[in-house]
Amino acid sequence: MEVLDSLVIGAGQAGLSASYHLRRRGLTHVVLDADAAPGGAWQHRWDSLTMHDVHGIAELPDADPPTDRAGRANVAVPAYFAAYEREHGLPVLRPVRVDAVTAGEDGLLVTRAGERTWTSRTLVNATGTWSQPFVPRYPGMDTFLGEQLHTHDYPGPEHFRGRRVVVVGGGASAVQFLGELAPVTDTLWVTRREPVWRTDDFTPEAGRAAVALVEDRVRRGLPPASVVSVTGLALRPQEREAERRGAYRRHPMFVAVEPDGVRMADGSFERADAILWATGFRPAVTHLAPLRLRSAAGGIALDGTTAVADRRVQLVGYGPSASTIGANRAGRAAARGVARWLSEDAPDPPGGQTAATSRSSPSRSGRSAGSTSSPVRT
Ligand code: FAD
C-alpha cells in the first residue's frame, strides 16, 4: 500500500495552488477532482459572465495572469487552469468525486471515492462551494407556478426577457444579475438586510480588515461568512443602466411565496414570473463528516488553514480564503502546514519505528514530488 504524504481534494484555484506548493516541497500527493475537465467552479459559471465582469482572477503561483481579458470566464479560466496543470505536471485525477474521508489505522487518513481508496498522512481539502447552492425555505415556495432558479443555474438575461423577476440576495451575484436583467425585463430586488455599499474610501487596508473579520469567525469555529458580505458591494459601469432604471432600490425580504408572486411583510403583493435565488453557497465538506471537524458553533475551526480538531487536515478556499487571491495564499499555507505535520507534529507510529524514519519524506524515499505511481487502490 502506498502512503502519500498528502491528498488534495479539488482542483480549483485552491487545490492547484496547494498541489504546486506541495510539489515544491517534494511531498508526494495526488489531486482528486470531481469535474470531468479542468477549471474548478469557473467552468460552470454562466455564459454572460465575462472576464470583464469578474472582480479579477489572481494568477496561480509561478504563473502569469490569464491573458484573455474579455472572453467568457467559463472558457478563459478553465483554459488557464488546464495549461497550468499541464505545464506544471500536477498529479490531478478526474473525474473522481470523493465520498468520504475517514481516520484509518496508524494515524493515516483513508479517502474513498466509489470503490477506490487512497491512503495519506495528511489531507488538503479544496472543494469550494459550487456543489452546495443554498436556498432558504419560505412558506409557500412549493406552490409557486413560475420558475425558481439559483445562481448555480442562472441561464443568462435572455431567458427572462419580458418576465417579472424577483432577485433574492444581497451579494455580488445579485448585483450582477440585476445589472443584466433590468435592461431586458422588470425586476424586484429583495434582501434580508440593507445592502452595504462600498464607499470611495475602500482601500486595500479596509479590504484586509474585512477579510480579517471572516478569519476571526473561522478561528472561532463559526460558519464562514462570504468575503463580500464584509467588503461591501460596488456598482460597475456595466450596472449603471440598471441603476438608472431603479433596479437597485432594495425591498425587505418577502414573508411568503404564493402561486403568482410573493407576499411582502407589509401585506402587499408583488407579482412574479420567476424567482432568482442569489442566496449563496455553503462549503462542500460533507465528505469530511466522519472526521468530526465541526465545532459546536457550527463551522470548522481553523488555525490558519489547519483544522483545529485534526491537524492533519488543511482547508483551503474556505472562509477567508474563498477568493482567487485568498485561495492562492491558502494553498501555500496548507503545504507549509502539511510539511510541519510531517516533520514535527505527527505522533510516532506503533511498533518502535519513529515517525521520522517511517515517513516517506522525499529526501529519504527518493520519490519525486506528486508521484502518481499507483496511488489508486481498487
Ligand atoms: P472551486 O473552483 O469551486 O473548485 C473546487 C473543486 O473541487 C472543483 O473542481 C470540484 O469539482 C471539486 N470538488 C468538489 N467536491 C468534490 C469532491 N467531493 N470530490 C472531489 N472533488 C470535489 N473570486 C475572485 O477572486 N474574483 C472573482 O471575480 C470571483 N467571482 C466569483 C463569482 C461567483 C459567482 C462565485 C460563486 C465566486 C466568485 N469568486 C471570485 C470566488 C472564487 O471563484 C473562489 O473563491 C475561488 O475560485 C476558489 O476556488 P476553489 O478552488 O476554492 O473552489
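The values are calculated or read from the model by the stated rules, or taken from the named source; none is laboratory data. None of the values given here were measured: they were computed from a predicted structure. Cβ coordinates were reconstructed from backbone atoms using ideal geometry, including for glycine residues, and neighbour counts include every protein chain displayed. Quick note on the areas: whole protein, heavy atoms, side chains included, nothing else; ligands and nucleic acids left out. Shrake-Rupley method; radii C 1.70, N 1.55, O 1.52, S 1.80 Å.
With protein chains left intact and a 1.4 Å probe, residues in the stretch 156-204 average 47 Å² of accessible area per residue. Students often get this wrong: which residues of the stretch 12-34 have the backbone nitrogen under 19 Å from the point 7 angstrom along Cα-to-C-beta of R86? Under cut-off, by backbone N: 12-13, 16-17, 20. Placing a label point 7 Å from the Cα of A100 along the Cα-to-Cβ direction, the residues of the stretch 280-324 with a backbone N closer than 11 Å are 287-291.
Computed with a 1.4 Å probe over protein heavy atoms only, the accessible surface of the stretch 1-80 comes to 37 Å² per residue. Think of it as helices only: each DSSP H run of n ≥ 4 in the chain is worth -39500 (n - 2.57), and spread over all residues that comes to -7000 deg cm²/dmol at 222 nm.
Only protein atoms count toward the accessible area here, which uses a 1.4 Å probe; on the chain, the carbon and sulfur part of that area reaches 50 percent.
With every protein chain kept in place and ligands, DNA and RNA left out, what is the accessible area per residue of the stretch 212-327? Probe 1.4 Å, answer in Å².
Numbers: 5310 Å² over 116 residues.
Ligands and nucleic acids excluded, the figure is 46 Å² per residue.
If each of T203 and V184 carries a label point 7 Å out from its Cα toward its Cβ, how far apart are those two points in nm? Label at T203, label at V184, 4.2 nm between them.
Per-residue counts of other Cβ atoms within 10 Å, averaged by peptide: what ranking do you get for 181-188, 70-77, 158-165, highest first? Each step should come with its number before you reach the end.
Numbers: 181-188: 20.5, 70-77: 18.4, 158-165: 16.0.
Listed from highest to lowest mean packing, they are 181-188, 70-77, 158-165.
Consider all pairwise Cα distances in the stretch 232-334 and report the whole-number % of them above 20 Å. Value for the stretch 232-334: 62 percent of Cα pairs lie more than 20 Å apart. Dipole magnitude for the chain: about 680 debye, using +1 per Lys or Arg Cβ and -1 per Asp or Glu Cβ, origin at the Cα centre.
Note on the chain: antiparallel DSSP beta bridges, both residues inside, total approximately 40 percent of the bridges counted.
Arranged from highest to lowest average of other beta-carbon atoms within 10 Å per residue, in what order do the peptides 87-96, 236-245, 300-309 appear?
Numbers: 87-96: 17.3, 236-245: 13.9, 300-309: 20.5.
Packing proxy ranking, top to bottom: 300-309, 87-96, 236-245.
Under 1.5 on a/c is rounded, so check that first for the stretch 31-171, then, if it is not, pick prolate when a/b is larger than b/c and oblate when it is not; a ≥ b ≥ c are the square roots of the alpha carbon gyration tensor eigenvalues. The shape class here is oblate. Measuring nothing but alpha carbons in the chain and taking Rh as the Kirkwood radius, the Rg to Rh ratio lands at 1.01. Specify whether the C-alpha gyration tensor of the stretch 185-256 places it in the rounded, prolate or oblate class, a ≥ b ≥ c being the square roots of the eigenvalues: rounded for a/c under 1.5, otherwise prolate if a/b is larger than b/c and oblate if not. Oblate.
First check a/c for the stretch 175-310, with a ≥ b ≥ c the square roots of the eigenvalues of its C-alpha gyration tensor; if it is under 1.5, answer rounded, and if not, answer prolate when a/b is larger than b/c or oblate otherwise. Oblate is the answer for the stretch 175-310, as a/c is 1.5 or above yet b/c matches or exceeds a/b.
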